[in-house]
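The structure appears right after this line, and notes come after that.
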């Protein structure tokens, strides 16, 4: 089938309704068009293309030259040499020969021309006569003597029935995520041909060769093949050219923000003498200035990259800090995610005067500068810290990242900030041929940058919602914040017959306090958390994970009934265990993490028991036991060292039930039941009358 216009060939570019497209593939009846400046890949039929050409909706901007374009620009050097040779003979015959169609008249002219141009193998008179005839028929145009394009090798002589069978087998077997081979398609075609011959004896088909099937597959668009076999994101990535470079003429003109999971495992902060346990890999969010390559803001947290982490990073970027690069950007490129709409990020950028530009999905080239910074950070810092996971399993080898983990979240933040300040900003950048700090300092000397005060940024970079004040408290996400001053304002509003509706602004990475703003913004209140220990540095992502886990165990009421300290232990336990609960890969990682914890704690417990050694024998006493007691059991060994702590610090466990714990002690105590207590005695006095458990029994109960 002929194409509707010569422009529709691979490499052609045209403008259609202010969008520049490039022809990436020409099929039998359609074209695959790729937007030059990025966007969705589209298809266009020959009929639609012809109609657009006739209506002048398409304006051709570039037409590639090839052998069929009737131009010297599309010829190779040997083809141009052959064309010049033909023209020498044809033009000489046209000037010197008396009869252009007579071979006898042409022969002496050929000898003369061959001597002039040094042609050792001149053409025959009949060949030159044919050249002259073709040249004259086309108006003496040299394009008539150009080589004609060779016919395609993909011409098929199969019948329509066989072509249908091959197309069906390709679609069913080859164009699938199973990624079957061409031999599998050939086998399916053979079976289909046998079935066809059995059902239609009058029309017999021959099984085609594997090469025929391969030619059919090669005629399919490579983009379509990769999209069906490997997915559209993969096809877009491999069939897309490298991203267009970004250019900025001054600082803060263009910035980029992105987040990534860091290649390191961190441990929790040690509290009350408990063992520090690894809690997974943190997330890093940065904002980078394209002009100077300086890092304006950086934030590391356990919450994945979302609007809350970006808000916190933006807060760091717009507040001046010592002599570090800071400022409000004019344009910020971010991912095309829905999280930003729910976290107050759009409102914060609007109030700060920042223009947002969302990059298309699965296009990391739109933030190429940030991606390159991550590579530099990993190679020069993260991969040298204890507990690093390296970039892939091959680089990691036998290195046990979880066992080697030593750094806490605060320590990792300090390491990264120090590296950025003392190394990255003062090291020569390959693209700038200068240090980022020097480029920034020179540019801001002529143009001051816009910044805001820290307290102002604290208010602007928070998520916002509307709530009603009840007893001086507001409740959001099943958490409560309160203030005595807010209670006084509430009472006055209710006395005057007004509803105490307020705006609550939260930092989703630190729910320890909330900013409450009454209507009119005449005053503001700082409401503190009603459960301070649990909500200290608590992120909304972490809180939602804990609520989800408790709901799945039908124990959601525990969130409201347990004490603040118990909730904190649950928070550490569930957050360390759950991680990304909805990710199948992360779920498997969580199980491996729990298994590692169990094995490690069991080995530690066994070492503690082994180091305890044999216990000294207890001297016999007849005052505390009857004569039958010594006959029923061997003499008990009483330890002579300091009484052990009844709550060993080996495993962070779920808060115990006091009643159940007392019963366990009574059952497992080798000295029999505790002495009956006086009804009037205080609980502490009763508790003191009980004898301590031996170390071995305490450890066994804790392990269970």
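The values are calculated or read from the model by the stated rules, or taken from the named source; none is laboratory data. Given the structure is predicted, the values throughout are model-derived calculations rather than measurements. Here Cβ is always computed from backbone atoms with ideal geometry, including for glycine, and neighbour counts include all displayed protein chains.
Tabulated results
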quantity	calculated
Some residue of region 446-464 being in a strand (DSSP E or B) and under 16 Å from residue 311 (Cα atoms)	yes
Flag if residue 161 is part of a helix (DSSP H, G or I), closer than 30 Å to residue 213 by Cβ and at pLDDT below 90	yes
Only one of 436, 500 that is within 29 Å of the chain's Cα centre (by Cα) and in contact (Cβ under 8 Å) with a residue 12 or more places away in the chain	436
Filter result for residue 148 (surrounded by fewer than 16 Cβ atoms within 10 Å (Cβ to Cβ) and either under 30 Å from residue 191 (Cβ atoms) or modelled with pLDDT under 85 (or both))	yes
Checking residue 411 against (1) in a helix (DSSP H, G or I); (2) assigned by TED's automatic domain parsing to the domain that holds residue 518, the condition it does not meet	(2)
Selected residue (criterion: surrounded by the most Cβ atoms within 10 Å (Cβ to Cβ)) from residues of region 198-214 that are part of a helix (DSSP H, G or I) and at pLDDT 90 or above	213
Test: residue 412 is crowded, with 18+ Cβ neighbours inside 10 Å and modelled with pLDDT of 90 or more	yes
Selection count, region 421-438, where residues are assigned to a loop (DSSP other than H, G, I, E, B) and farther than 17 Å from residue 321 by Cα	7
Single unsatisfied condition, residue 234 versus (1) modelled with pLDDT of 90 or more; (2) surrounded by fewer than 16 Cβ atoms within 10 Å (Cβ to Cβ)	(1)
Residues located in region 336-372, provided they are surrounded by fewer than 21 Cβ atoms within 10 Å (Cβ to Cβ), at pLDDT 80 or above and within 21 Å of the chain's Cα centre (by Cα)	356, 357, 358, 368, 369, 371, 372
Flag if residue 332 is under 23 Å from residue 303 (Cβ atoms), in contact with a strand residue (DSSP E or B) (Cβ under 8 Å, 6 or more places away or on another chain) and at pLDDT 90 or above	yes
Of all residues in region 202-223 being over 15 Å from residue 187 (Cα atoms) and without any contact (Cβ under 8 Å) to a residue 40 or more places away in the chain, the one that is farthest from the chain's Cα centre (by Cα)	202
Sole exception among (1) more than 22 Å from residue 147 (Cα to Cα); (2) surrounded by 14 or more Cβ atoms within 10 Å (Cβ to Cβ) for residue 99, by number	(2)
Residue within region 384-401 that is under 24 Å from residue 288 (Cβ atoms), modelled with pLDDT of 90 or more and in a helix (DSSP H, G or I) present	yes
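The rows are residues; the columns are (1) part of a strand (DSSP E or B); (2) at pLDDT below 85.
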site	(1), (2)
241	no, yes
247	no, yes
250	no, no
253	no, no
270	no, yes
275	no, yes
280	no, yes
285	yes, no
